[in-house]
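Trainee: Before I ask anything, here is the structure I am working with.
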Amino acid sequence: MKAFKYILFLLLILFIGFAIYVAVQPNDYTFNRSKVIDAPVPVVYDVVNDFKEWPRFSPWIEQDKDAVLTFNEKTSGVGAGYSWEGEILGIGNAKTVDVLNNKKIKQEIEFVKPFESISNINWTFEQVEKGTKVTWSMEGKQDFMTKLYVAFAGSIEKNTGPDFERGLFKLDSIVQADMSKYSINVEGITQHSGGFYLYNTSSCKMEDFKQKMDEMLPKVGAYAIANNITMAGKPFVIYHKWDTENNTVMFSCCIPTTSKIETTNPNILTGQLEPFKAVKTVLRGDYSNSEEAWNKAMAYIKDNNLKEPITGPVLEIYVTDPKSTPNPANWITEIYLAVE
């Protein structure tokens with residue numbers, strides 16, 4: 001009997017000791033994971049800020065594809081939210097409580113079943129040399145039951161950290177896929193109205209064209225702004241010579257104007273396009289798809305037995321400004337190939 005009492009006493013001591021061990025564990029927890037995504041900050045921010053995008057990168061929804069998701073009427077910005085109910089996910093909801101555009105998102109996640117808890121989620125977006133550094137963090141309180149759970153199963157960071165890493169990996173993947181989307185539409189024959197324009201001209205190796213254009217076009221725009229010259233449309237490039245044999249291109253970077261301008265800078269000239277008939281092709285997407293767009297435009301000319309004039313204008317009009325439209329998938333380029 002004495003031995004039995006000693007065993008009970010020992011078990012009681014162990015139980016009390018374990019309870020004390022659990023009780024003295026930290027009352028709070030916090031952890032984060034980061035990843036650099038090769039994309040502009042607004043593109044990444046917009047995906048995370050919209051709960052309707054979450055099924056595409058959430059590591060938890062991926063584990064319970066049959067879960068029922070219910071989205072609030074508002075899915076992005078302060079007041080946005082959604083709820084879930086599933087065999088694996090249990091029951092819970094999330095809402096956005098604060099945002100700092102393109103910089104921070106603060107959210108609150110509430111788990112109802114199989115256990116009750118509330119956690120704070122914070123996202124930060126930082127522009128770095130190679131794109132956007134995304135940091136996903138989680139913090140909350142640990143009551144006694146939570147402390148008891150982590151005492152056996154490991155810390156919340158140990159159990160949830162890999163999910164954050166998986167989520168950031170998927171976020172990177174869908175952002176890259178979204179930015180790669182493009183479409184090409186050969187609209188057929190149209191009439192270009194022509195008009196006056198300011199321009200500068202240069203030639204370079206084909207592989208240096210984009211860098212050269214990025215240097216030249218802002219100079220024409222800056223001249224127009226500095227001299228209060230009204231722009232009559234979107235900037236464009238006129239191709240004068242495309243020499244594949246020697247791998248060179250001669251071109252002008254242009255800003256359309258409402259009238260003929262007498263320039264005071266010898267490097268900025270004025271020109272005029274006469275109205276001309278052309279095959280119009282519209283590329284929606286990254287400029288890297290321009291070659292395919294040009295090939296389709298030229299194929300249209302060949303298939304329809306059209307003839308290009310020897311000195312006919314060849315234009316690319318940049319309808320969207322990459323600075324105000326950060327997602328390349330939304331860039332619009334119009335190509336005009338003159339035909340007789």
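The values are calculated or read from the model by the stated rules, or taken from the named source; none is laboratory data. Here the structure is a predicted model, which means the values were calculated and not measured. For neighbour counting, all protein chains shown are included, and Cβ atoms are generated from backbone atoms with ideal geometry for every residue, glycine included.
Trainee: I'd like to know if segment 317-334 contains one or more residues that are farther than 30 Å from T132 by Cβ and surrounded by fewer than 19 Cβ atoms within 10 Å (Cβ to Cβ).
Mentor: no
Trainee: Scanning for something under 21 Å from L168 (Cβ atoms), surrounded by 17 or more Cβ atoms within 10 Å (Cβ to Cβ) and either touching a residue at least 40 places away in the same chain (Cβ under 8 Å) or basic (K, R) (or both), does segment 60-68 turn up at least one residue?
Mentor: Taking every residue of segment 60-68 in turn, at least one turns out to be under 21 Å from L168 (Cβ atoms), surrounded by 17 or more Cβ atoms within 10 Å (Cβ to Cβ) and either touching a residue at least 40 places away in the same chain (Cβ under 8 Å) or basic (K, R) (or both).
Trainee: Right, another one. What tally of residues in segment 171-196 results from selecting those that are among the aromatic types (F, W, Y) and under 17 Å from P326 (Cα atoms)?
Mentor: Counting residues in segment 171-196 that are among the aromatic types (F, W, Y) and under 17 Å from P326 (Cα atoms) gives 1.
Trainee: Only one of (1) farther than 30 Å from F125 by Cα; (2) of a type in the set (S, T, Y); (3) surrounded by fewer than 19 Cβ atoms within 10 Å (Cβ to Cβ) fails for S252. Which number is that?
Mentor: Failed condition: (3).
Trainee: If you go through segment 84-111, how many residues are hydrophobic (A, V, I, L, M, F, W, C), surrounded by fewer than 17 Cβ atoms within 10 Å (Cβ to Cβ) and at pLDDT 90 or above?
Mentor: 4
Table: residues versus (1) in a loop (DSSP other than H, G, I, E, B); (2) of a type in the set (K, R).
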residue	(1), (2)
V237	no, no
F251	no, no
C254	no, no
P266	yes, no
K277	no, yes
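Trainee: Oh, and also: Tell me whether segment 52-61 contains one or more residues that are at pLDDT below 95, β-branched (V, I, T) and closer than 30 Å to K130 by Cβ.
Mentor: There is at least one residue in segment 52-61 that is at pLDDT below 95, β-branched (V, I, T) and closer than 30 Å to K130 by Cβ.
Trainee: Here is a follow-up. Filter segment 177-207 down to the residues that are surrounded by 13 or more Cβ atoms within 10 Å (Cβ to Cβ) and either in a helix (DSSP H, G or I) or of a type in the set (G, A, S) (or both) and list them by number.
Mentor: D178, M179, S180, G194, G195, S202, S203, M206
Trainee: So, one more: Within segment 230-249, restricting attention to residues that are modelled with pLDDT of 95 or more and of a type in the set (A, V, I, L, M, F, W, C), which residue is farthest from W331 (Cα to Cα)?
Mentor: I238
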